[in-house]
Structure formats: C-alpha cells, structure tokens
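The values are calculated or read from the model by the stated rules, or taken from the named source; none is laboratory data. Bear in mind the structure is a predicted one, so any value in this text is a computation, not a measurement. Note: ideal-geometry Cβ built from the backbone for every residue, glycine included; neighbour counts use all protein chains shown. The accessibility values were calculated without ligands, DNA or RNA, using every heavy atom of the protein model including side chains. Shrake-Rupley method; radii C 1.70, N 1.55, O 1.52, S 1.80 Å.
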Amino acid sequence: EAQVTQNPRYLITVTGKKLTVTCSQNMNHEYMSWYRQDPGLGLRQIYYSMNVEVTDKGDVPEGYKVSRKEKRNFPLILESPSPNQTSLYFCASSIVPGSGIYEQYFGPGTRLTVT
Amino acid sequence: AQSVTQPDIHITVSEGASLELRCNYSYGATPYLFWYVQSPGQGLQLLLKYFSGDTLVQGIKGFEAEFKRSQSSFNLRKPSVHWSDAAEYFCAVGTSGTYKYIFGTGTRLKVLA
C-alpha cells in the first residue's frame with residue numbers, strides 16, 4: 001500500500017530535550033515536506049526537499065532541522081524544543097514532474113506537546 | 001507574496017443542501033490549486049486539483065471546483081452535502097518556481113441532520 005508513515009504519532013516531551021520525528025514514504029517520491037498545523041493558522045510549511053541532499057526552508061523553519069540522506073526518509077529534528085513548538089506535524093511527499101508541481105500525499109500526523 | 005485566503009472559518013449546512021466553500025489566492029503566475037479535506041483525527045486527503053485546461057474540475061466524493069482567474073478564486077462546491085462530509089477543508093496553492101506550498105487557514109464544515 002502506497003503510504004507516508006510518521007513516528008511517533010504522539011509525543012510529550014520537556015523543553016530542551018532533543019527529539020526526532022521520522023517520516024518515510026514508499027512511493028519513490030522525490031519531493032518531501034514537513035508542515036505544522038495550528039488552530040486558526042492552517043498548515044504552514046517548515047522545510048521541504050526536492051531530492052536526496054537537497055533541502056530548503058519553508059515559511060516557519062526556525063527551531064527545526066531536517067536531513068535527506070535517503071530518498072524515502074525525511075526526519076524532522078527539534079534540537080531544543082520549546083513550548084511554542086507544541087503542534088500537530090504532518091509529513092508529505094510528491095512526485096516532481098519536469099515542470100510544475102503536483103499534489104502531496106500526507107502522513108497521519110504527529111501530535112507533539114512540549115512542556 | 002503568495003497567499004491563500006479562506007474567508008469562512010466555520011460553515012454549517014443541512015444534510016442535502018448545497019455547499020460552496022470559498023478560496024482566494026494571490027500569486028503572480030499561473031497557480032497550481034488544490035483542495036484537501038481533513039476528517040477529525042486524520043491526515044489530509046486530496047479532493048481535487050487544477051493545473052491547466054478546463055476551469056471546472058471534478059474531484060472525489062462528488063466535489064467540484066471552478067477556477068476563475070479574473071477573481072483569483074478557486075471555490076469548492078457540492079450539490080448535496082452528506083453527513084459524512086463534516087470535516088475541515090483546506091485550499092492550497094503550489095508555486096512552481098520555488099516548489100513551495102501555501103495553505104489557507106481552513107474552513108470547518110458542520111452538517112446538520
């Protein structure tokens with residue numbers, strides 16, 4: 001089954017304790033992206049990656065890191081989480097055609113609480 | 001800067017009634033437009049998309065949307081709403097130059113039996 005998986009689905013942590021949220025897709029997609037969803041703000045893009053070793057900032061990258069060492073994986077790293085990073089996080093992937101932009105496939109989400 | 005506006009935060013309709021959710025975008029070039037639906041506790045699912053061609057596009061679950069360049073709009077419609085359509089709906093623009101996606105703030109739909 002074609003899918004995007006995220007782990008963990010739920011995480012409660014304390015301020016300053018480094019954490020990683022994993023994302024993996026089995027569709028051989030070049031493009032992967034991370035979003036955070038907050039009430040009243042919709043989804044905001046954190047980072048995206050066009051392919052292995054190619055990443056770029058979205059609209060809200062502060063406090064986050066990513067890496068793309070393999071095509072299928074795109075982990076999100078919070079090196080020193082703070083309470084304002086409490087949010088619902090989604091990973092997504094997409095093909096990259098020769099030109100243009102295609103729809104994304106979303107993971108189930110990771111609900112992160114930082115106390 | 002690119003932006004997407006969904007002016008209605010909440011909409012309530014009766015089951016069987018028609019539905020229109022509004023979406024306006026700001027983008028200098030030809031936009032790539034999407035509507036996604038998020039059911040409670042779920043991820044996002046694509047309803048439909050517009051890249052080019054016919055400005056009226058059909059999607060899943062009986063939804064359609066019309067691209068109007070002159071109004072910078074991409075409104076979502078459904079002729080008869082079902083109780084299972086209760087969810088949050090997001091309009092999004094894809095920017096081909098930077099490969100970034102911009103989402104609206106969402107419209108939460110409530111369906112009355």
What is the projected area of the convex hull of the Cα atoms of the range B:57-104, averaged over all directions, in nm²?
4.4
How large is the accessible surface of residue A:56 in square angstrom, using a 1.4 angstrom probe and rounding to the nearest 10?
80
Express the Stokes-Einstein translational diffusion coefficient of chain B in µm² s⁻¹, to the nearest whole number, given a Kirkwood radius over alpha-carbon pairs, 4 °C and a viscosity of 1.567 mPa s.
92
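Which whole number of Å³ per residue matches the convex hull of the alpha-carbon atoms in the range A:71-115?
That works out to 105 Å³ per residue.
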Counting other chain Cβ atoms within 10 Å of each Cβ in B:91-101 and taking the mean gives 5
For chain A, the charge dipole (Cβ of Lys, Arg +1; Cβ of Asp, Glu -1; about the Cα centre) points to a positive end, and the Cα of A:33, A:102, A:67 closest to that extreme belongs to A:67
Percent of accessible area on chain A owned by carbon and sulfur, 1.4 Å probe?
50
For chain A, list log₁₀ I(q)/I(0) at each q in 0.14 Å⁻¹, using the Debye formula over Cα point scatterers of equal strength and ignoring solvent, two decimals each.
-0.52
Report the calculated FRET efficiency for residue B:30 and residue A:77 (r = Cβ-Cβ distance, R0 = 35 Å), to the nearest 0.05.
0.50
Dipole axis of chain A (+1 Lys, Arg; -1 Asp, Glu on Cβ), positive-most option in A:50, A:5, A:112
A:112
Let me cross-check residue B:34: its accessible surface, 1.4 Å probe, with only protein heavy atoms counted, in Å² to the nearest 10?
0
Above-threshold pairs, the threshold being 27 Å between Cα atoms, out of B:49/B:110; A:18/B:49; A:57/B:61; A:71/B:49:
A:18/B:49; A:57/B:61
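What percentage of the solvent-accessible surface of the range B:21-81, computed with a 1.4 Å probe over protein heavy atoms, is contributed by carbon and sulfur atoms?
Reported share for carbon and sulfur atoms: 46 percent.
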Out of residues 5 or more away from residue A:96 or on other chains, whose amide H comes under 5 Å of its own, with H placed 1.01 Å from N in the peptide plane?
A:30, A:31
With springs connecting C-alpha atoms under 10 Å apart, model chain A as a Gaussian network and identify which of A:18, A:57, A:65 has the largest mean-square fluctuation.
A:18
Can you pull out the buried accessible area for chains B and A, both sides counted, probe 1.4 Å, rounded to the nearest 100 Å²?
1900
Which residue, B:19, B:48, B:56, has the most motion in a Gaussian network model of chain B that connects Cα atoms within less than 10 Å?
B:56
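Would you work out the relative contact order for the range B:1-103, in percent, from Cα pairs under 8 angstrom that are 6 or more residues apart?
Taking the mean separation of contacting Cα pairs over the length of the range B:1-103, I get 34 percent.
Would you work out the charge dipole size for chain B about its Cα centre, treating the Cβ of every Lys and Arg as +1 and the Cβ of every Asp and Glu as -1, and quote it to the nearest 20 debye?
Computed about the Cα centre, the dipole is about 180 debye.
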When the chain is fully extended, how far beyond the present Cα-Cα distance does residue B:54 get from residue B:72, taking 0.36 nm per residue of separation?
4.9 nm
Short to long, in 10 Å steps from zero, the percent of alpha-carbon pairs of the protein assembly as shown per bin is 8, 33, 35, 19, 4, 0
Where nothing but the Cβ of Lys and Arg (+1) and of Asp and Glu (-1) is charged, how large is the charge dipole of the protein assembly as shown around its Cα centre, in debye to the nearest 20?
400
Before I look further, what does the protein assembly as shown give for accessible area per residue, probe 1.4 Å, in whole square angstrom?
47
Among B:59, B:36, B:103 the positive-end extreme of the charge dipole of the range B:16-113 (Cβ point charges)
B:103
